[in-house]
1. Among 178, 44, 185, rank each residue by its count of other Cβ atoms within 10 Å, from fewest to most, as a rough exposure measure.
2. Could you run the Debye sum over the Cα atoms of segment 106-171, one equal point scatterer each and no solvent, and tell me log10 of I(q)/I(0) at q = 0.16, 0.18, 0.21, 0.27 Å⁻¹, two decimals?
3. When the helices in the chain are scored as -39500 (n - 2.57) per DSSP H run of 4 or longer and the sum is shared across all residues, what 222 nm value do you end up with, to the nearest 500 deg cm²/dmol?
4. Taking θ = phi - 60°, what integer Hz values does the Karplus form 6.51 cos²θ - 1.76 cosθ + 1.60 yield along segment 86-94, in sequence order, with x for Gly and Pro?
5. Among 253, 61, 170, flag the residue with its Cα farthest along the positive direction of the charge dipole of the chain, charges on Cβ as +1 for Lys/Arg and -1 for Asp/Glu.
6. With each label point set 7 Å from Cα along the Cα-Cβ vector, what nm distance links residue 136 and residue 255?
7. Between residue 248 and residue 107, what length in nm is gained on full extension when 0.36 nm per residue of separation is reduced by their alpha carbon distance?
8. Mind checking the dipole of the chain: about its Cα centre, +1 per Lys or Arg Cβ, -1 per Asp or Glu Cβ, Debye to the nearest 20?
Amino acid sequence: MTVRLTEPGEMVSDSTARTVATRDAAIEFGKVTKHFGDTTAIEDVSLRVPAGEFTVLIGPSGCGKSTLLALAAGLEAPSEGFVTAHGHEVTGASRDTALIFQQHNLFPWMTTEANVAYGLRSRGMARREALKRARELLARVGLSDFSTKPPTALSGGMRQRVALVRAFATEPKLLLMDEPFGALDHQTRKIMQAYLLSTWRDSGATVVMVTHDLDEALMLADRLVLFTGMPGRIAETLDITTPRPRSRDDPGLRKLGARLERHLAAAAEAAELTDSERSRMARF
């Protein structure tokens, strides 16, 4: 395994134009800060995600990772700095971007195939053609027998599989994922990770994912972005070049996992101390 460190400051040059990102960048954050009232969620974040890359954001709870996804999706606007996607400033939701949450957000009154077809029909595809395409996609992930059933008839893993298919059905250029498998059991989670990698490889999309599962991050990511506690800042980025499929017993990945554990422990400890406490501890 090869791990390459990249300094956060190298991601975006000061001369980067506000409305035009580097051509191969799917998403770019330029010195982004986001305030919610008196609270600063993220501060001075500069990050460039190349097209087609699988990037995973890691950090303690409350450090602004989900806020960064909301900014990328156009659901929030930065207080300072800029966000561009595919060379254009993000000013609102885009058809080229899909967002998956921990909750599947399927429409309970629709069948499984109708849920998948919904996005296709919103793009102007005829109903019959959209349903046919939905069935084809569901067959690829082993859900043909459930295509006419409502989401309530599916297990949690199946519902997340449908959410994943629905997101990829519209062929987004950018897929944002916020703890999508967080509510699943360990075995189902591993199955969903395999489905995600397979579907992502076929699509050519760029993925930015938030997870608190370090094992999941190591299995999926091309690059890890480590955040400090609130306000979230980028501590460092790590490129992982280990070929897929990856083994959880790989010595290099296990060593990196231990490093990530230390980072999160240090970030959590720092968040629990007041400034005066940290000052007193610095004397020892």
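Every number in this text was worked out from the coordinates using simple rules, so none of it is lab data. Only a predicted model underlies this, so the values are computations on that prediction, with no experimental measurement involved. Every residue, glycine as well, gets a Cβ built from its backbone with ideal geometry; the counts of neighbours run over all protein chains shown.
1. By the 10 Å Cβ count, ascending, the order reads 185, 44, 178.
2. Evaluating at q = 0.16, 0.18, 0.21, 0.27 Å⁻¹ gives log10 I(q)/I(0) of -0.41, -0.52, -0.72, -1.21.
3. Working: 8 runs with 102 residues, N = 284.
Helices in the chain give a 222 nm mean residue ellipticity of -11500 deg cm²/dmol.
4. 6, x, 10, 5, 7, 10, x, 5, 10
5. Final value for the positive-end residue is 170.
6. Simple spin-label model gives 4.6 nm for this pair.
7. On the way: separation 141, 0.36 × 141 = 50.76 nm, distance 3.59 nm.
Full-extension gain reported as 47.2 nm.
8. Values: 36 positive and 35 negative charges, 221 e Å.
I would put it at about 1060 debye.
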